[in-house]
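Values in this text are rule-based calculations from the coordinates and carry no lab data. All values derive from a computational prediction rather than experimental measurement. Cβ sites come from the backbone with ideal geometry, for glycine too, and all protein chains shown count toward neighbours.
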Amino acid sequence: MTTFSSTTATADVLTADLNPRGNPMLLEENLARSRMREAEISAERQRLAHRLVVARRWRRLAGWAERRAALKARAL
């Protein structure tokens, strides 16, 4: 159930939704939760991208070290 009420001169509260327990949720709280969730999702994506970049870097380094070790082994 959604309720919308206007603010009065004494109270600057704007209710937007009713949660399952029936307590009115403030619009600002809903927006803050939404922004926090978006920030968490963005941070999760950035962490995944960083891990992929780091894995690629280590794979390149391991390949270079393997080639270098093979060259040194042949030189002996």
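Observations on the model:
- Computed extension gain for residue 68 through residue 40, at 0.36 nm per residue and net of the alpha carbon distance, reaches 5.9 nm.
- Sorted on the mean count of surrounding Cβ atoms within 10 Å across their residues, most packed first, peptides 40-46, 27-33 read 27-33, 40-46.
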